[in-house]
1. Counting only helical runs of four or more DSSP H residues, what would the 222 nm mean residue ellipticity of the chain come to if each run contributes -39,500 (n - 2.57) and the total is spread over all its residues?
2. Which one, V164, F252, G262, projects farthest toward the positive side of the charge dipole computed for the chain from Cβ point charges (K/R +1, D/E -1)?
3. Given the pairs K31/K177; K42/K287; K38/K153; K133/K179; K42/K266, which span a C-alpha to C-alpha distance of over 27 angstrom in this model?
4. Quick one: Cα centre-to-centre distance for the range 40-114 and the range 12-35, in angstrom?
5. How charged is the neighbourhood of P298? Take every other residue with its Cβ under 14 Å from the Cβ of P298, and add Lys/Arg as +1 and Asp/Glu as -1.
6. Normalised by the residues of the range 105-242, what does the relative contact order come to in percent, with Cα pairs under 8 Å and at least six apart?
7. Can you tell me the dipole magnitude for the chain around its Cα centre, using point charges on the Cβ only (Lys, Arg +1; Asp, Glu -1), in Debye to the nearest 20?
8. Output the relative contact order of the chain, whole-number percent, from Cα pairs under 8 angstrom with separation of 6+ residues.
Amino acid sequence: MGKDKKAKGIWVFIEQFEHAALDISWELLGKSRELADKAGEKLIALVMGDNVEHIAQEAVHRGADEVFLVEDELLEHYKCENYTYAAYKVIKKNKPNQLIMGATPNGRDIAGRLAVKLKTGLTADVVSLDTTKDGIMLGQVPGFGGSVLAVIKCEVARPQMATVRPGIFEAIPIDKKRKGKIHKIDADLDKKYETTKLIKLQKVEGVDISKAKRLVAGGRGLGGDVSALKELAELLDADIGVTRPLCDDGLFPRDHQVGSTGVTVKPEITINFGISGAAHYTAGINKSNTIISINNDPNAIIFEYSDYEVIGDVNKIMPLLIEKLKAKLMKEVKQ
Ligand SMILES: Cc1cc2nc3c(=O)[nH]c(=O)nc-3n(C[C@H](O)[C@H](O)[C@H](O)COP(=O)(O)OP(=O)(O)OC[C@H]3O[C@@H](n4cnc5c(N)ncnc54)[C@H](O)[C@@H]3O)c2cc1C
């Protein structure tokens, strides 16, 4: 679309799966309500799918001023060509100023495709989002290997686009008294233009550490041996988070990775073992209530983010912790 002075409104892509909106959609709508009020813009939800009118209604109850609802049986499941075509059609005609999507697998897919088709910029995986009063989006992303947090602006092209990872913002509660206009749009999709065919939908069971109440997290300081981390997680009834290198090395599947390209966590307590505190990692833990970090380097950056710091060797501290926790459990069993 390029530079367009008529571009108006903050739009949020409401991602759904099997007729239920993903939490990230409501988180983005909640944050965007605040941004729309600040910039004096309307908040618009874009809902696509088959039989999803109830989601459009919920979007109004959760803060949207208007909803563009695109329903078609070809939008039942996410297929990039159908979703991109339908979204492009609505966006090109209605010219949003900002367009915000979830950094989910499908959100990332459609965001990239749309940015190319619309000839605009996309700030991917923002960890914080703001707007100026005149509607310039300010997306914060970790850069240079995580050593800096950069604010990215897209001053000329429209819409200004961003993807945001799940778990960063809060949804606003449903208010059934809220009213908003729902525009029903014909997607004009044709099966003959489909290039992919859905043969089977296979649900993969994975862990979801974004809802962890307690988190024990390990980094490269563990020296590649994660057995003590697993034992501590079991003893503390905690979930396990790790830094990216541990996933890269195949020690844990990717859904355990905390950070800007992993999961954002908000536990009551996070305990970091042998983690340096790169911005890419701390972006994922800074909503924890209490952070305890164990590191043998007194100058480790992770201590700047911690409520309690323990300077020491994880190889000595973790076995001691395990021993103490086991002794406590034994005592409780005997009583
Ligand atoms: C685009 C991009 C995205 C990224 N996304 C993520 C992300 O989502 N999540 C993420 O985690 N990383 C991410 N990274 C990588 C990130 O920048 C860091 O490289 C990574 O977080 C470092 O992991 P670490 O702390 O385990 O390792 P290191 O930085 O190597 O730190 C190891 C720490 O262990 C301490 N240590 C060593 N031995 C011991 C011991 N015996 N006892 C106690 N302490 C010890 C050391 O003092 C050091 O502080 C990303 C990088 C890029 C470029």
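1. Details: 8 runs with 98 residues, N = 335.
Computed ellipticity for the chain at 222 nm equals -9000 deg cm²/dmol.
2. V164
3. Working: K31/K177 20 Å; K42/K287 29 Å; K38/K153 17 Å; K133/K179 25 Å; K42/K266 30 Å.
With Cα atoms farther than 27 Å apart: K42/K287; K42/K266.
4. 10
5. On the way: positive: none; negative: D297, E304, E309, D313.
Local net charge: -4.
6. Working: 140 pairs, mean separation 23.4, N = 138.
Result for the range 105-242 is 17 percent.
7. In total the dipole reaches around 920 debye.
8. Working: 748 pairs, mean separation 51.2, N = 335.
Taking the mean separation of contacting Cα pairs over the length of the chain, I get 15 percent.
Laboratory data are not the source of any read-out in this text; all were calculated from the coordinates shown. None of the values given here were measured: they were computed from a predicted structure. Cβ coordinates were reconstructed from backbone atoms using ideal geometry, including for glycine residues, and neighbour counts include every protein chain displayed.
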